[in-house]
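This report refers to the structure that appears directly beneath it.
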Amino acid sequence: MALRIHFTPDDLTRITVAPSPDPMWELVNSLHVLQARQTASAYAPWLRHVRERLARSDLRGPIRLLTTLVPARGNFPDFLTPPSHRGGMEGSRDLMLATPVDRLRAELAACCRQPTPSAWLRQLADGDRTARQELDGAVVTYFRELLAPHIHLIDDVVHTDRAHHSRTVLEGGAERLLSTLSPSIRWEPPTLVADYPRSGDLHLRGRGISLVPSFFCTGRPVTLIDPDLPPVLVYPASRPSGCADTLDGLAELLGRTRAMALHALASPCSTGELALRIGVSIGTASKHASVLRNTRLITSTRRGSEVVHALTPLGCEVAQGRRHGSWCCGD
């Protein structure tokens with residue numbers, strides 16, 4: 001079975017590749033990995049981390065809530081993965097919480113077909129504020145406890161994949177990019193054919209498409225259910241060799257948490273977002289950012305009520321563990 005994505009000439013000029021990992025797509029895809037009977041060896045370190053956290057913290061409640069919406073197999077509601085990348089985790093959560101009630105009800109009815117839905121699921125479908133806040137709390141807890149400690153590895157994999165495809169576009173254009181995304185995706189002009197759990201067609205109609213490399217996407221790509229939403233294709237990011245060793249060397253130099261902060265800033269973010277990414281308080285994140293800024297590894301710029309941090313060229317080189325320039329500061 002295959003998903004056929006139909007391009008027009010205009011669509012070929014409107015292809016974008018996500019500049020950094022999409023937090024909600026990584027969260028959803030990681031839930032699939034967590035529930036899988038068999039997983040690739042690449043996820044073994046993360047699964048060990050999950051088991052360690054479960055032994056020390058009561059995370060079963062948030063995981064149970066999230067797996068109610070994201071089962072091991074089958075559909076999950078589109079509102080969990082809003083079409084927002086620049087806003088990071090905070091922007092994605094805001095869009096998720098702002099989902100109109102009519103859309104909540106329709107997507108939950110289509111995806112969550114339990115014979116007897118839980119009281120929480122019924123409340124969420126009705127747009128209940130408390131149910132929405134519980135969902136947001138589960139997302140924040142899951143991300144902080146299970147994903148943020150591995151954000152350095154997720155970033156490295158996704159950024160390396162994007163850099164590779166950036167070179168592909170420069171050398172061969174959009175069609176070369178579409179031909180080399182993943183072994184599970186084939187370019188048969190003017191159609192992109194992807195291995196998929198069911199057969200279907202997505203007509204772009206000049207809207208273009210956002211390509212999202214994902215650390216936790218396994219084997220086959222993923223897309224949204226509603227064809228009228230902005231088109232997106234999430235595909236497995238290729239894994240570079242040796243990227244998992246970078247943090248260990250940096251930790252000896254900077255300390256583990258500060259090294260995690262440096263890696264987490266591969267995509268710019270606010271102090272609050274940085275705290276969420278590395279699993280510390282906002283005050284602690286601010287202190288680490290101050291040290292990194294004083295050593296000229298990051299810059300900090302006030303935007304309205306927030307301070308946004310970004311890697312300097314030197315910070316990029318240190319974070320990537322090499323002296324050659326990195327594209328990660330260019331976005």
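The values are calculated or read from the model by the stated rules, or taken from the named source; none is laboratory data. Note that the coordinates shown come from a computational prediction; the quantities given were computed from them, not determined experimentally. Backbone-built Cβ (ideal geometry, glycine too); neighbour counts: all protein chains shown. Just the protein is used for accessible areas: all its heavy atoms, side chains included, with ligands, DNA and RNA removed. Shrake-Rupley method; radii C 1.70, N 1.55, O 1.52, S 1.80 Å.
Within the chain, antiparallel bridges make up roughly 60 percent of the DSSP beta bridges whose residues both belong there.
Hey, any idea what the orientation-averaged projected area of the convex hull of the range 103-193's Cα atoms comes to, in nm²? Before the final figure, lay out the partial values.
Details: hull surface 38.0 nm².
For the range 103-193, averaging the hull's shadow over all directions gives 9.5 nm².
Count charges around Arg103 for me, please; just the other residues with Cβ under 12 Å from its Cβ, Lys/Arg as +1, Asp/Glu as -1. Write down the numbers at each step before the final one.
On the way: positive: Arg105; negative: Asp78, Asp102, Glu107, Asp226, Asp228.
Neighbour charge sum, excluding Arg103 itself: -4.
Among 151-161, 180-190, 274-284, the peptide with the highest mean count of other Cβ atoms within 10 Å heads the list, and the full ranking is 151-161, 274-284, 180-190.
About its Cα centre, the dipole of the chain is roughly 560 debye, where the only charges are +1 on Lys and Arg Cβ and -1 on Asp and Glu Cβ.
Computed over the chain, the range of Cα coordinates on each principal axis works out to 54, 50, 43 Å, biggest value leading. Between Asp195 and Ala72, what's the calculated FRET efficiency when r is the beta-carbon distance and R0 is 30 Å? Round to 0.05. That pair, Asp195 with Ala72, gives E of 0.95.
How much of the accessible area of the chain, in percent, comes from carbon and sulfur atoms when a 1.4 Å probe is used?
Details: 7980 of 15520 Å².
Looking at the chain in its full context, I get 51 percent from C and S.
A simple spin-label model places pseudo-atoms 7 Å from Cα toward Cβ; at Arg122 and Thr39 they are separated by 3.4 nm. Packing order of peptides 170-179, 88-97, highest average first: 88-97, 170-179 (average count of other Cβ atoms within 10 Å over each peptide's residues). Extending 7 Å from Cα along the Cβ direction at Gln133 and again at Ser179 yields two label points whose distance is 5.5 nm. Between Val17 and Arg186, the simple spin-label model (points 7 angstrom out along Cα→Cβ) gives 2.3 nm. Reported value for the range 1-55: 141 Å³ per residue, from the convex hull of its C-alpha atoms.
Multiplying the sequence separation of Met1 and Arg53 by 0.36 nm and subtracting their Cα-Cα distance, what value in nm do you get? Intermediate results must be reported in sequence, preceding the final value.
Details: separation 52, 0.36 × 52 = 18.72 nm, distance 3.77 nm.
Length difference between fully extended and current span is 14.9 nm.
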